[in-house]
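Structure, as structure tokens:
The values are calculated or read from the model by the stated rules, or taken from the named source; none is laboratory data. Because the structure is a prediction, the values reported are computed rather than measured. As a convention, Cβ positions derive from the backbone with ideal geometry for all residues, glycine included, and neighbour counts pool all protein chains shown.
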Amino acid sequence: METYNKPPQRRSRFLSSEASVAYICLIPAFFGLIFLTYLPLAGVLGISMTNWTGLKNPEFVGFSNYIKLFTTDPYIKDSIIATIYFAFLSVAGSMIYSLFIAMLLNRKIPARGFFRAVFYVPFVLPAVAIYVGWSWLYEANFGFFNYLLSKVGLNKILFIADSSYVVPSLSLIAVWLSGNLIVIFLAGLQNVPSIYHEAAEMDGASGWNRFWHITLPSMTPIIFYNLLLSLIANLQVVTPALALTNGGPGNSSRFMTYLMYDQAFVNYKLGYACATTFIIFAILAVFTVVLFKTSNRWIFSEGGDDK
Amino acid sequence: MKAMKKGMMLSVVMILILAMIVGCGSNNNKNTNASPSEGKASTAPETTTEPEKTSKTEKVKITYSMWGSAEEGSKTQEAADKFNATQDRIEVEVQAIPWENYMTKLNTQATAGQLPDTGILKEDGVIQWSSDGMLNDVSSMYEGSDSKPLDSLAYKYQGKTVAYAAANEILLLYYNKDMFDKANVPYPPSVLEKAWTWDEFVAAAKKLTNDKNGKHPGEDGFDSQGIVQYGASVENLAWQLETWALSNGGGFYNNDGTEVRIGEDASTEAIQKVADLYLKDHVAPLSVGQTDDGIQRTIIAGTVAMATNGQWNVGTSLNAAKEAGLKYGVAVLPYMKEKVTLNTGGANVVFSQTKHPQEAMEWLKWYTAEENNWGLISSGIWMPILEKWYTDETLTHKWVDNPNFPPYDEYKSAVVDYAQSSAARPASWFFTNNTTDFNTLLGSSLGDVWTGKTTAKDAIAKNLEALKAANKGDK
Amino acid sequence: MSELTYVRLKSKKRSERTMNVITLLVVLLFAFIVLFPIWWIFRTSLMTNPEIYKYPPSLIPENWLFSNYEKTLKIFKFWKYLWNTMVIIVPSCLAGTFTATLCGYAFARLRFRGKQLIWTLCVGSMLLPVMVTLIPLYIGWTRGLGLHDSYLPLILPYFCGGGAFNIFLIRQFILSIPRELDQAATIDGAGYFRILFSIIMPAIKPAMIVVALFIFIGLWNDLLQQMIYINSSDKYTIALGLTNFRGQLKSDWSLTMAATCLSFAPGVLFYLIGQKYFVEGITMTGIKN
């Protein structure tokens, strides 16, 4: 996208071999895209036009699932709002947190390897353990956080039992989990050519200046990737609702993918769930296109094609 | 960017084309089975039409699926091995599926026609599966037997019995005896005739609720934010709330589950009373209703003096706690206008995709005989389903006289007698369709009721039409 | 070197040192916060079930019940589950990383017809949650290809590019390598594959290891798909094994947490080994200078 090629100006024998190398490289992706993504997706589109419960034989119903989604569905509106709210908090939180931690961990501090592992551990833990563990901390009556609050004489916070607190509470867990972003940032920081830093240091540039003018610009492809990864992952959020809240209280954590899961695998509305899928797809596509569109302005691409 | 837009457009077009190819060519679509719109690429008929030839020497193989832990899975396989040894026609293999994902897995298997022959099914889906033609009629299972399952344990769709519950369960009031003794409050009654009214229940709960200065709700200077011990906790899972709606003269549905009654004042008032235990009476912790460890959090932890929950807790947690020194008791539920408890139990079904319905039924009948799943019954997780265990005192003694249970007399009157009294009513999912959908929507509607952001009346009024549509199966 | 520069460098060194001390303190603070929930899980693994629910909650177990781990290992057949999991993970990791690198290279460096379309389709596939295509894929694998109770539906997808996210990650890293490097090689007459293997791959080793790590963790914790495709308990993986403690209507949380504490060790180990390459291996970047 941001590196779309202009017509190559090489000799044509190069061009032909270049293309065939590319196609060979892409054979696995062809298979994956056709058989694991778009053909099944076509199936999903087909199912979305039926009233299939997953059990009895389906009947063709045209667009009525989509019409129902937009008119009478009791969940979809709350669900979209909850998802976007969650994604906003989690993306902002985890981007700032992980870049900050990665910068700190890139400095020469004692036991650096140990600390790098520490921040990564939450990402490795299985979801069940994470959410059960946190649920004891967050519990409304006897949880540890409320115990601390009562010790200092503050009123209880109901955390995940209260529709106004549940999304921020879950976002906090998402930020805590963002060890993968830290890893990518750390790997990316290695790619900042140290020769630039040395040069800047000789020039007497302050730490902040160096960060702003050297580190950050050369990190932009990685920042972009992390932003995209975290945006998509958080818009597709489902695990906290599955493992912890069941979408509640009310619909305050009934995230879109959870809603779809609930329809498809719990409530016997497979056709309807497949229609919901395309709403999710559309919303994700809008956010992704916007992100790509704005990315041209701030991505500094060293090895990219002619810019 | 133009190129990208073009790419997006192209990909959409491609999906559409693929959908058409896959959707139309129903003969060569084995890969995705995306032709349900054609209405013929389905599952059940193909597998049932071809009965397998079984010679006398070769045993019929049957798969029984169950939810549970690894330990429970191997115990059930042991039982199956015993069954396999008793006769030479049927060979049962047990497939244990993790509890949390049980229905997800079964639903997925159903889409591809990969279901086991028989298995246990979660209560709320039974009638749905039956109405979609996925279950065999099992009415004939107990023909000619000396004892039948309790009437209330049959799942019925259009007058036919489509499943019997694997076990019986009822809702009870558990209490921590030490906490009652300390507050000098009489124990809740275990006899149905003496059941507490709701107001008596709340009054007792107030005496058992203390803030950190030892004050009770209603007293001057009581600090509702500083409660260290609660008097009562009423589980607010959607299906359990039906108890209170019925008790207050309302209900979720009419008698055959075809009309929704939850909008009636009696029903919403009952739900509000449950919410008010936390909001107004300050005798209950906020019940989140999302986990199955209510009794461990309350009675066993010593944070709440009384709590409502299912009988299974005797076997899942209270037996171990009793061994560790906990003194707990069982009592009948308090009531609003009518005395009500719900009974329920996961369903043992024979899937219509099976080639061997007779053999499957034979196995189920053998397996649900109490002697053959004695482990679950003697630990207290399951209650027997056959009537004789409730009516024949020697059998009742055999069941209850063991260290996992509370004293015989107490358990006999608060559980055994209670379960066959007029107060015990089958949960609506024994005869009502679409309860999964209905309960999900009800739970979501009531989300802000428990924290007092809205009232039960308003919350239900707002979603009443959707609740009615859910009951009708408007998919 | 002038006097001035010398002084500046000296004061710089001092401020550097104070900065490092502050950094260490901040890192310690954050590490404490991050580790707290993990400590909570660990202390739970050493408690009895009633103790978990005690109020006020205790930070330290009354008795350190290491016997919980013995009990856990009786049900949680760690080595067997680990072996089964590795049977899935090892081919997936290798194939996924390799094919993702191939695809990422094509997208980052090569020119060919239809690049834009394929790339857009690739990005589009990232937008789909796994659950969306689960049912069509399940039908395809079981009814279409007859794979029952098999690991193949879990492994084979990784032979197809290792997922769009990973292709994307590789592409981004290749883009950040100066293009002059492979152009120079082209002039020397190196083919595209040679450039990939001898110039690009060494330079993006950190990214490749990160990709392998993500595939590893993703499969390690992928309960949903493993649960759907695997039936028999002797094929259980670590993720499925963790559900062994969730019984009928009851959950043994202290044993679940003990199993959790046992099972995240391999993931951390992989990270610690990989870390050497992708964060400590600073010299590698020397290739660019």
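Does the stretch A:43-61 contain any residue that is modelled with pLDDT of 90 or more, in a helix (DSSP H, G or I), touching a Ser or Thr at 6+ places or on another chain (Cβ under 6 Å) and more than 8 Å from chain C (Cβ to nearest Cβ)?
yes
Assess whether B:LEU446 counts as being buried (at least 16 other Cβ atoms within 10 Å of the Cβ) and in contact (Cβ under 8 Å) with a residue 60 or more places away in the chain.
Considered against the rule, which asks whether it is buried (at least 16 other Cβ atoms within 10 Å of the Cβ) and in contact (Cβ under 8 Å) with a residue 60 or more places away in the chain, B:LEU446 comes out as yes.
Please enumerate the residues belonging to the stretch A:228-277 that are of a type in the set (Gly, Ala, Ser) and either modelled with pLDDT of 95 or more or in a helix (DSSP H, G or I) (or both).
A:SER230, A:ALA233, A:ALA241, A:ALA243, A:ALA264, A:GLY271, A:ALA273, A:ALA275
Among the listed residues B:ILE271, B:ILE295, which satisfies the condition of being closer than 25 Å to A:TYR131 by Cα and crowded, with 24+ Cβ neighbours inside 10 Å? Break it down into steps so the answer makes sense when it comes.
Numbers: B:ILE271 fails: closer than 25 Å to A:TYR131 by Cα.
Among B:ILE271, B:ILE295, only B:ILE295 is closer than 25 Å to A:TYR131 by Cα and crowded, with 24+ Cβ neighbours inside 10 Å.
For the structure I just gave you, tell me whether C:GLY163 is within 9 Å of another protein chain (Cβ to nearest Cβ), of a type in the set (Gly, Ala, Ser) and touching a Pro at 6+ places or on another chain (Cβ under 9 Å).
Against the criterion (within 9 Å of another protein chain (Cβ to nearest Cβ), of a type in the set (Gly, Ala, Ser) and touching a Pro at 6+ places or on another chain (Cβ under 9 Å)), C:GLY163 qualifies.
Looking only at the stretch A:246-260, which residues are of a type in the set (Ser, Thr, Tyr) and within 18 Å of the chain's Cα centre (by Cα)?
A:SER253, A:THR257, A:TYR258
Condition test on A:GLU2, is it at pLDDT below 90, more than 7 Å from every other protein chain (Cβ to nearest Cβ), out of contact with any His (no Cβ under 7 Å at 6 or more places or on another chain) and surrounded by 16 or more Cβ atoms within 10 Å (Cβ to Cβ)?
Answer is yes for this residue.
Okay, residues lined up against (1) in contact (Cβ under 8 Å) with a residue 24 or more places away in the chain; (2) over 26 Å from the mean Cα position of the chain (by Cα):
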{"residue": "A:GLY93", "(1), (2)": "yes, no"}
{"residue": "A:ILE96", "(1), (2)": "no, no"}
{"residue": "A:ALA117", "(1), (2)": "no, no"}
{"residue": "A:TYR120", "(1), (2)": "yes, no"}
{"residue": "A:VAL132", "(1), (2)": "yes, no"}
{"residue": "A:ASN146", "(1), (2)": "no, yes"}
{"residue": "A:VAL166", "(1), (2)": "yes, no"}
{"residue": "A:SER178", "(1), (2)": "yes, no"}
{"residue": "A:ILE182", "(1), (2)": "yes, no"}
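Filter the stretch C:21-50 down to the residues that are at the interface with another protein chain (Cβ under 9 Å from one of its Cβ atoms) and within 18 Å of C:SER251 (Cα to Cα) and list them by number.
Once the filter is applied, which keeps residues that are at the interface with another protein chain (Cβ under 9 Å from one of its Cβ atoms) and within 18 Å of C:SER251 (Cα to Cα), the stretch C:21-50 yields C:TRP40, C:ILE41, C:THR44, C:THR48, C:ASN49, C:PRO50.
Pairs please, first residue from the stretch A:260-271 and more than 16 Å from A:GLU59 (Cα to Cα), second anywhere and among the aromatic types (Phe, Trp, Tyr) and buried (at least 24 other Cβ atoms within 10 Å of the Cβ), Cβ atoms under 7 Å, 6+ apart in sequence or on different chains.
From the stretch A:260-271, the pairs are A:GLN263/A:TYR272.
Okay, residues lined up against (1) of a type in the set (Gly, Ala, Ser); (2) surrounded by fewer than 19 Cβ atoms within 10 Å (Cβ to Cβ); (3) away from chain C (no Cβ under 12 Å); (4) in contact with a Gly (Cβ under 9 Å, 6 or more places away or on another chain):
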site: B:SER69; (1), (2), (3), (4): yes, no, no, yes
site: B:SER74; (1), (2), (3), (4): yes, yes, no, no
site: B:LYS82; (1), (2), (3), (4): no, yes, yes, no
site: B:ARG89; (1), (2), (3), (4): no, yes, yes, no
site: B:TRP99; (1), (2), (3), (4): no, no, no, yes
site: B:THR108; (1), (2), (3), (4): no, no, no, yes
site: B:GLY119; (1), (2), (3), (4): yes, no, yes, no
site: B:LYS122; (1), (2), (3), (4): no, yes, no, yes
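Which helices (runs of 4 or more DSSP H) sit wholly inside the stretch B:331-402 and have at least 3 residues that are buried (at least 21 other Cβ atoms within 10 Å of the Cβ)?
Per the criteria, B:357-368.
So how many residues does the stretch C:4-44 have that are polar (S, T, N, Q) and modelled with pLDDT of 80 or more?
Qualifying residue count, the stretch C:4-44: 4.
Report those helices (runs of 4 or more DSSP H) wholly inside the stretch B:148-252 carrying at least 1 residues which are surrounded by 15 or more Cβ atoms within 10 Å (Cβ to Cβ) and of a type in the set (Asp, Glu).
Fully inside the stretch B:148-252 and qualifying: B:238-247.
What's the number of the only condition in (1) part of a loop (DSSP other than H, G, I, E, B); (2) touching a residue at least 24 places away in the same chain (Cβ under 8 Å); (3) at negative phi that B:ALA461 fails to meet?
It is condition (1) that B:ALA461 fails.
Could you tell me how many of the residues in the stretch C:174-198 are within 7 Å of another protein chain (Cβ to nearest Cβ), farther than 19 Å from A:VAL21 by Cα and in a helix (DSSP H, G or I)?
Here the count works out to 0.
If you check A:TRP134 against the conditions, is it more than 9 Å from chain B (Cβ to nearest Cβ), among the aromatic types (Phe, Trp, Tyr) and either surrounded by fewer than 20 Cβ atoms within 10 Å (Cβ to Cβ) or more than 26 Å from C:VAL123 (Cα to Cα) (or both)?
Values: more than 9 Å from chain B (Cβ to nearest Cβ): yes; among the aromatic types (Phe, Trp, Tyr): yes; either surrounded by fewer than 20 Cβ atoms within 10 Å (Cβ to Cβ) or more than 26 Å from C:VAL123 (Cα to Cα) (or both): yes.
Considered against the rule, which asks whether it is more than 9 Å from chain B (Cβ to nearest Cβ), among the aromatic types (Phe, Trp, Tyr) and either surrounded by fewer than 20 Cβ atoms within 10 Å (Cβ to Cβ) or more than 26 Å from C:VAL123 (Cα to Cα) (or both), A:TRP134 comes out as yes.
For the stretch B:299-320, does any single residue satisfy the condition of being surrounded by fewer than 24 Cβ atoms within 10 Å (Cβ to Cβ), hydroxyl-bearing (Ser, Thr, Tyr), farther than 30 Å from B:PRO186 by Cα and over 19 Å from the mean Cα position of the chain (by Cα)?
Checked against the condition, which is being surrounded by fewer than 24 Cβ atoms within 10 Å (Cβ to Cβ), hydroxyl-bearing (Ser, Thr, Tyr), farther than 30 Å from B:PRO186 by Cα and over 19 Å from the mean Cα position of the chain (by Cα), the stretch B:299-320 yields no hits at all.
Which residues, taken from the stretch A:169-181, are hydrophobic (A, V, I, L, M, F, W, C) and either touching a Lys or Arg at 6+ places or on another chain (Cβ under 8 Å) or part of a loop (DSSP other than H, G, I, E, B) (or both)?
Answer for the stretch A:169-181, where residues must be hydrophobic (A, V, I, L, M, F, W, C) and either touching a Lys or Arg at 6+ places or on another chain (Cβ under 8 Å) or part of a loop (DSSP other than H, G, I, E, B) (or both): just A:LEU177.
Counting only residues that are part of a helix (DSSP H, G or I) and either touching a Ser or Thr at 6+ places or on another chain (Cβ under 9 Å) or more than 25 Å from C:THR243 (Cα to Cα) (or both), how many does the stretch A:126-168 have?
Of the residues in the stretch A:126-168, 25 are part of a helix (DSSP H, G or I) and either touching a Ser or Thr at 6+ places or on another chain (Cβ under 9 Å) or more than 25 Å from C:THR243 (Cα to Cα) (or both).
For B:TYR102, indicate whether it is touching a Lys or Arg at 6+ places or on another chain (Cβ under 8 Å) and either of a type outside the set (Val, Ile, Thr) or assigned to a helix (DSSP H, G or I) (or both).
Answer is yes for this residue.
When you check C:PHE76 against the structure, is it under 21 Å from C:TYR229 (Cα atoms), touching a helix residue (DSSP H, G or I) at 6+ places or on another chain (Cβ under 9 Å), among the aromatic types (Phe, Trp, Tyr) and crowded, with 23+ Cβ neighbours inside 10 Å, yes or no?
Yes.
If you scan the stretch C:64-95, which residues turn out to be away from every other protein chain (no Cβ under 13 Å) and part of a loop (DSSP other than H, G, I, E, B)?
C:TRP64, C:LEU65, C:PHE66
Mind telling me which of the residues C:TYR138, C:TYR158 ends up being in a helix (DSSP H, G or I), closer than 23 Å to C:ALA95 by Cβ and facing another protein chain (nearest Cβ under 7 Å)?
Working: C:TYR158 fails: facing another protein chain (nearest Cβ under 7 Å).
After ruling out the rest, the residue left standing is C:TYR138.
I'd like to check something: does the stretch C:111-120 contain any residue that is in contact (Cβ under 8 Å) with a residue 24 or more places away in the chain and either part of a loop (DSSP other than H, G, I, E, B) or within 18 Å of the chain's Cα centre (by Cα) (or both)?
No: zero hits.
Does C:TYR236 satisfy being at pLDDT below 80 and not basic (Lys, Arg)? Show your work before the answer.
Working: at pLDDT below 80: no; not basic (Lys, Arg): yes.
It is false that C:TYR236 is at pLDDT below 80 and not basic (Lys, Arg).
Find the residue count for the stretch C:129-144, including only residues that are surrounded by fewer than 20 Cβ atoms within 10 Å (Cβ to Cβ) and modelled with pLDDT of 90 or more.
Counting residues in the stretch C:129-144 that are surrounded by fewer than 20 Cβ atoms within 10 Å (Cβ to Cβ) and modelled with pLDDT of 90 or more gives 0.
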